[in-house]
Amino acid sequence: MKQSLLTIAAMTLGTPLLAQDICGGAGTGGQWIGGTEAASDIAAADAYREQMALVLGETPYVGLFTLSAPTAVRIEAAGRGAGDPLIEVFDAAGGIVTSDDDSGGGGAARSELDLETGTYCVAMKSYDNAPMSAFMRIGRSEHDALTPGSDTTSTPATTSGTCADARAFGDLGTTQSVSVDETGFWSFTLSEPTALTITATNSDADPTITLFDATETTIAENDDFDGLDSRIEQTDPLPAGDYCLSVGAINDTALPIDIAIGAYDPEATLALLFDKGEAAPPLDGRIPFTALGTLDTRMRNDIQVGQTAQWYTVYIPQNGLLLVEAIAQGDNGDPWLVLYDDFGRQIGMNDDAGDALNSLLTARVQTGTYLVGVKQVGDSAQGFIRLLMERYVPAQ
């Protein structure tokens, strides 16, 4: 029985890709966009680099590229059929450079950035977690584009006013709560070089944000960083000077949007990633976790959890197969699972297994400690989850 289950799991999982220890772990399982690292240097490429990928569930396809010199880069993702890709771009340290959903037009994603020399990772996901085949293209501004794009320097239909009409935001570190109908543009001044975090929050309005410099050149933009809320993290300090922020609303321009502009806080950013389950917390006690001990055969726990991930550790005493299942207890549950090794490499992730909202993941594991993150998805999802772990070993 054990051998049969292990064989079935191996066929389901396929052969795993070797982890890429770049982009702070965001490059795990990534593929060089040009086929090799040397061919993925976009600064020196004679043409764009492109790959087609199959994206299943919440597991992203990750494209890797390098720049041997500072370069104006265009990054695009276009789904086939009804596919709706979104992209996140990470620098070599794992910081988020930008993310985008629909700037390519027609559901396609597109970001145009001035990037410094270094290595970068592009994670492409499906907006609604539906299976999707899509093209990823990375090139310079003079290369042929994959998508029609949109004019990010003009006023979107969902934004009120222009930078010339911008309202003064006030002190950094404060929050303004205003609808797009009242004003869609905000101005602020940096007296010294400053790294920034900018957020726009109200999922009912579905906000979008775009940051411009004094010449109205786009610096960064975002839609749907956290659910339908938006966030820009400018981890490299911006020069002192004047800036303009455009705020739009896709769903309802009359609803108030909470807009916050403040100094970038790396500790707060890490804490947010831990809460969302998008990074593994350290096992030094700074982030609470429950140690479940050694998994000999089977373990079951009933836990109450909301939208903030709760963390558990389990020790695997022998190489084999680990199965983790999260089952909602009641009608309002929608569990989500993620599995990391003790170094912080993501081993697996799952939201909806099959046709149900319950979650299931399986992974080949070696002897060692593993972290399991559990949370609920959606504003109304809450209550108890039954967490099941089972371990299988190869037949002798």
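List of remarks:
- The chain: radius of gyration over Cα atoms, expressed as a fraction of 2.2 N^0.38 Å: 1.03
- Rg ratio (alpha-carbon, reference 2.2 N^0.38 Å) - the stretch 280-392: 1.00
- Placing unit charges on the Cβ atoms of the charged side chains and taking the dipole of the chain about its Cα centre, the candidate lying farthest along the positive direction among Gly104, Asn202, Gln304 is Gln304.
- Gyration tensor (Cα) of the stretch 163-264, equivalent ellipsoid semi-axes in angstrom: 21, 14, 12
- As a length-normalised measure over Cα pairs under 8 Å and 6 or more apart, the relative contact order of the chain settles at 14 percent.
- Listed by Cβ neighbour count within 10 Å, with the fewest neighbours leading, Ile316, Ile209 appear as Ile316, Ile209.
- Helix axis angle, 2-13 relative to the chain longest principal axis, alpha carbon, degrees: 20
- In sequence order, calculated HN-Hα J values of the stretch 214-219 (Karplus, 6.51, -1.76, 1.60; Hz; x Gly/Pro): 5, 8, 6, 8, 5, 9
- Spin-label pair Tyr315-Leu270: with each label point 7 Å from Cα along the Cα-Cβ axis, the two points sit 2.5 nm from one another.
- Rel. contact order, % - alpha carbon contacts under 8 angstrom, at least six apart, the stretch 196-301: 31
- Rounded to the nearest 10 degrees, the angle from helix 266-276 to the longest Cα principal axis of the chain is 50 degrees.
Laboratory data are not the source of any read-out in this text; all were calculated from the coordinates shown. Owing to the predicted nature of the structure, the values given are computational and were not obtained by experimental measurement. For neighbour counting, all protein chains shown are included, and Cβ atoms are generated from backbone atoms with ideal geometry for every residue, glycine included.
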